[in-house]
1. Taking residue 88, is it acidic (Asp, Glu), open to solvent by less than 100 Å² (accessible area, probe 1.4 Å), at pLDDT 90 or above and closer than 28 Å to residue 47 by Cβ?
2. Somewhere in segment 6-20, is a residue surrounded by 15 or more Cβ atoms within 10 Å (Cβ to Cβ), more than 19 Å from residue 139 (Cβ to Cβ) and at pLDDT below 80?
3. Those residues that are open to solvent by less than 40 Å² (accessible area, probe 1.4 Å) and either in a loop (DSSP other than H, G, I, E, B) or not basic (Lys, Arg) (or both), I need them from segment 53-62; list them, please.
4. Contact list please: Cβ distance under 7 Å, first residue in segment 12-40 and over 24 Å from residue 150 (Cβ atoms), second residue in a helix (DSSP H, G or I) and aliphatic (A, V, I, L, M), pairs at least six apart or on different chains.
5. Limited to segment 104-120, what total is found for residues that are free of Cβ contacts under 8 Å to residues at least 12 places away in the same chain and either assigned to a strand (DSSP E or B) or surrounded by 12 or more Cβ atoms within 10 Å (Cβ to Cβ) (or both)?
6. Taking residue 129 and the conditions (1) in contact with a strand residue (DSSP E or B) (Cβ under 6 Å, 6 or more places away or on another chain); (2) modelled with pLDDT of 90 or more, which numbered condition does it fall short on, given that it satisfies the others?
7. Name the pairs: first residue in segment 170-192 and within 12 Å of residue 154 (Cβ to Cβ), second residue in a helix (DSSP H, G or I), Cβ to Cβ under 8 Å, at least 6 apart or on different chains?
Amino acid sequence: VLVDFRFNADGVYPLLVKALHGYQQAVAEWDKDILERLEAVGMKLEDVRDGEHSWIMKFYRNGGGYYLNIGASDIIADGGIKVIQSDDLDTLTAEGARMNDGSLVPADVIVMATGYEGRQTELEALFGEEVAERVGPVGRGFDTEGEWTNVWKPTAQKGLWFMLGGVNNARPNSQLVALNIKAELEGLVPPKFRGAQQSLATSTS
């Protein structure tokens, strides 16, 4: 439980960036070999050592945009999976991918992995455009208090709550949400705590 609370205390924006700075410096050194091998075969990598562009920050801001290695990085580095750059792609054909230099990369299947539209789109589909606009971004960046937008706290829509993250988020924060719901049912939540959550940072390059 203590570990959970320490983790969530670091989730406030200024503290999170500071904690990630040291963490990413260490990770860059631990992963130095595999990162150099990936770059050698043409993989484009971001410099995440400042903490601002780490996978954890991408998770909080965008809900994606990163890959955690579970084996594919090693296969790419060993040449088992070839890398081509989208900048070198001219067009897709029935036979595969036509490159800018006129060459063809043959392919039986091409999968367009474009990502997700975000939870606000799901919110609109379930409850309508008016509710989605009232609530605003969900789990995209940080609000004016430096916390995850509209997560584990009252939203602008009465009776609507969002719980995101992993088990380490759920263990302490579910208790907080339960207490807040109880307070709301008993009429103890002032209206000023139900304002729209403004986002400080919703995207990163």
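1. So residue 88 passes the test.
2. yes
3. Going residue by residue through segment 53-62, those that are open to solvent by less than 40 Å² (accessible area, probe 1.4 Å) are 54, 56-58, 60-61.
Matches in segment 53-62: 54, 56, 57, 60.
4. Note: pairs meeting the criteria are 34/77; 37/77; 38/76; 38/77.
5. Just the residues of segment 104-120 that are free of Cβ contacts under 8 Å to residues at least 12 places away in the same chain, to begin with: 104, 106, 108-109, 111-114, 117.
From what's left, either assigned to a strand (DSSP E or B) or surrounded by 12 or more Cβ atoms within 10 Å (Cβ to Cβ) (or both): 104, 106.
Summing the residues that are free of Cβ contacts under 8 Å to residues at least 12 places away in the same chain and either assigned to a strand (DSSP E or B) or surrounded by 12 or more Cβ atoms within 10 Å (Cβ to Cβ) (or both) in segment 104-120 gives 2.
6. (1)
7. What qualifies is 189/180; 189/183.
Yes or no, residue by residue, for (1) assigned to a loop (DSSP other than H, G, I, E, B); (2) open to solvent by 60 Å² or more (accessible area, probe 1.4 Å):
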| site | (1), (2) |
| --- | --- |
| 126 | no, yes |
| 132 | no, no |
| 139 | yes, no |
| 157 | yes, no |
| 161 | yes, no |
| 175 | no, yes |
| 180 | no, no |
| 184 | no, no |
| 193 | no, yes |
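The values are calculated or read from the model by the stated rules, or taken from the named source; none is laboratory data. Just so we're clear, the structure is a prediction, and the values are computed from it rather than from any experiment. As a convention, Cβ positions derive from the backbone with ideal geometry for all residues, glycine included, and neighbour counts pool all protein chains shown. To get the accessible areas, we keep the full protein, side chains included, count just its heavy atoms, and leave off ligands, DNA and RNA. Shrake-Rupley method; radii C 1.70, N 1.55, O 1.52, S 1.80 Å.
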